[in-house]
1. Putting +1 on Lys and Arg Cβ atoms and -1 on Asp and Glu Cβ atoms, find which of THR110, ALA60, TYR317 reaches farthest to the positive end of the dipole of the chain.
2. Binning at 10 angstrom from zero up to the longest distance, how are the C-alpha pair distances of region 148-253 distributed in percent?
3. Which cross-chain or sequence-distant (5 or more) residues have an amide H under 5 Å from the amide H of ASP26, H modelled 1.01 Å from N in plane?
4. Which residue, ILE155, ILE88, ILE326, tops the fluctuation ranking in a GNM of the chain built on C-alpha contacts under 10 Å?
5. Calculate, axis by axis, the spread of Cα positions in the chain along the three principal axes, and write the results as whole Å, longest axis first.
6. Residues with amide H under 5 Å of LEU148's amide H, sequence separation 5 or more or different chain, H placed in the peptide plane at 1.01 Å from N; which?
7. Could you work out the percent of alpha carbon pairs in region 115-202 separated by over 19 Å, rounded to a whole number?
8. Over all distinct Cα pairs, what is the inverse of the mean 1/r for region 192-244, reported as the Kirkwood hydrodynamic radius in Å?
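Since every read-out is calculated from the coordinates, none of them should be taken as a lab result. Predicted, not measured: the structure shown is a model, and the values here were computed from it. Here the Cβ is made from the backbone with ideal geometry for all residues, glycine too, and neighbour counts use every protein chain on show.
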Amino acid sequence: MDTIGILGAGAMGSGIAQVAAAAGHDVVVCDNLTLALTKSGKNIQATLKTLVDKEKITDAEAYSLFSKIKFSDHMSEFRNCSVIIEAIREDIEQKQIAFKSMEAIVDEDTILASNTSSLSISAMGAQLRQPERILGIHFFNPAPLMRLVEIIPAIQTNPDVIDRARQMINSWGKTTVLAKDTPGFIVNRVARPYYGESLRMLDEGIADEATIDWALCTFGGFRMGPFELMDFIGNDINYAVTEIVFQNFYFDPRYKPSFTQKRLVDAHYFGRKSGIGFYDYRSGAVKPLPKEDESLGKEIFFRVLVMLINEAAEALYLQIASRDDIDMAMTQGVNYPKGLLAWADEIGIERVVEKLDALYVEYLEDRYRCSRLLRKMVRENKTFY
Ligand SMILES: NC(=O)c1ccc[n+]([C@@H]2O[C@H](COP(=O)([O-])OP(=O)(O)OC[C@H]3O[C@@H](n4cnc5c(N)ncnc54)[C@H](O)[C@@H]3O)[C@@H](O)[C@H]2O)c1
C-alpha cells in the first residue's frame with residue numbers, strides 16, 4: 001500500500017488522515033505547529049473511541065488504524081509518500097510555498113493534491129517544476145463521514161494523475177465527481193443560493209429566520225434550514241466562502257454576500273461555536289417559532305429552489321461538471337434530498353423559467369437572469385434525464 005502524506009493537522013487534515021489509514025495506508029501527518037499535531041492525534045483517538053463504543057470497529061482495529069498514522073513537524077518525512085494532500089489554511093501564497101517545498105522532497109511521480117475549498121489549483125501548479133502532478137482533491141467536513149470528494153484537475157494536470165487519484169479515492173469508499181478548476185468547484189458554487197436567497201428574503205422582511213428554515217425543511221425536505229446551517233458551518237466560514245466566490249466571479253450579483261451575515265461576523269456571532277449567530281444557543285435562550293403559513297412557506301421554498309436549479313443548470317451549461325456529477329455532488333456533499341437537475345425535471349423546467357423570469361421582471365437585477373440552458377430546454381421540450 002502507498003504511503004499518504006497529509007500537510008496540515010487541522011480539522012480536515014486529521015479527518016483525511018483517518019480515512020486514508022482506515023483504507024489501509026500508512027499515513028504521515030505533518031504540521032508546523034507541534035500543538036496542532038498533538039491535538040490532531042487526540043481528536044483522531046477520540047473519534048476512534050466513539051466508533052468502538054458504537055461497536056462499529058473493534059478495539060484492535062482502532063489500535064491498528066491509529067498506529068498507521070505518524071505525526072511529524074518536518075516535511076522531510078514525506079519523502080516516501082506517493083500522494084500528498086495539502087490541508088493547510090486557505091491562503092494561496094502559503095499553499096504555493098508549501099507545494100514548492102514538498103516538490104523538492106518527493107519522488108518525480110508523487111501526486112501533489114490540495115484540499116482547498118475555493119482557490120485556483122492551476123495557480124498552485126504554476127509554482128511547480130512538474131505542474132502536471134498537481135490536482136484538487138476536495139473532501140467535505142467531516143471527512144470520515146461525508147462520502148463526496150470533488151476531483152479538480154488544474155489546466156496543467158496530466159490525465160494519468162487524475163485517473164490514479166480518482167481510483168485511489170474511490171477505493172477509500174468515497175464517491176468522486178470531476179469538477180472544472182473554477183471558483184467553488186461544484187458544491188460551493190451551486191449551493192450559494194441556499195444561503196444567499198434566504199438572506200435576501202430575510203433582508204427584505206419577507207420572513208424571519210425560523211420561518212425560512214421551517215419552509216425549506218417542511219416543503220423542500222432539506223435536513224437543515226439555511227440559517228441553522230450557516231450557524232452550524234460558522235458564519236465566519238460561510239461568509240468567507242461567499243465573499244471569495246463573489247470576488248472570483250468578477251462580482252457577479254448572483255453571488256453577492258449579505259450585510260446581515262457580515263455584521264454577525266463583525267460581532268463574532270459565528271453561530272453554534274460562539275453560542276450565538278442567527279439563533280441564540282446560550283443556556284436559557286428560547287428558540288423562536290416559525291410562522292407556519294403554508295402559502296408563504298411554499299413561496300419561500302420555491303424561490304430558493306429555482307435559484308438553486310438555475311445555478312446547477314448554469315454549471316452544466318458552462319461545463320463545470322457533468323449532469324450526473326452535479327446531482328451527485330449536491331445529494332452526497334450537502335445532503336440535498338434530490339439532485340437539482342432531477343428536481344427540475346420533476347417540477348417542470350417551464351415552471352422554473354417562469355418563476356425566474358417573474359423575479360427578473362420584478363427586480364430588474366442580473367441576479368435573477370435565467371440560464372440559457374433552461375430556456376433552450378423549454379423551447380426544445382427537453383428534460384435533463
Ligand atoms: N473546515 C472545513 O469545513 C473545510 C472543508 C473542506 C475543505 N476545507 C479546506 O481545507 C483546508 C484546511 O482547512 P481546516 O479547516 O482543516 O483548517 P485548520 O485551520 O483547522 O487547519 C490548518 C492546519 O494547517 C497548519 N498549517 C498552516 N500552515 C502550515 C504550513 N505552512 N505547514 C504545515 N502546516 C501548516 C495549521 O497549524 C493548522 O493545524 C483549507 O484549504 C480549507 O479551505 C475546509
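1. Value computed over the given set: ALA60.
2. For region 148-253, the pair-distance distribution reads 13, 34, 30, 18, 5, 0.
3. Excluding prolines and chain starts, which carry no amide H, the hits are ILE4.
4. ILE155
5. 60, 54, 38
6. Answer set, sorted by chain and number: THR175.
7. Working: 1683 of 3828 pairs.
Pairs farther apart than 19 Å: 44 percent.
8. On the way: mean 1/r = 0.0896 Å⁻¹.
11.2 Å is the Kirkwood radius here.
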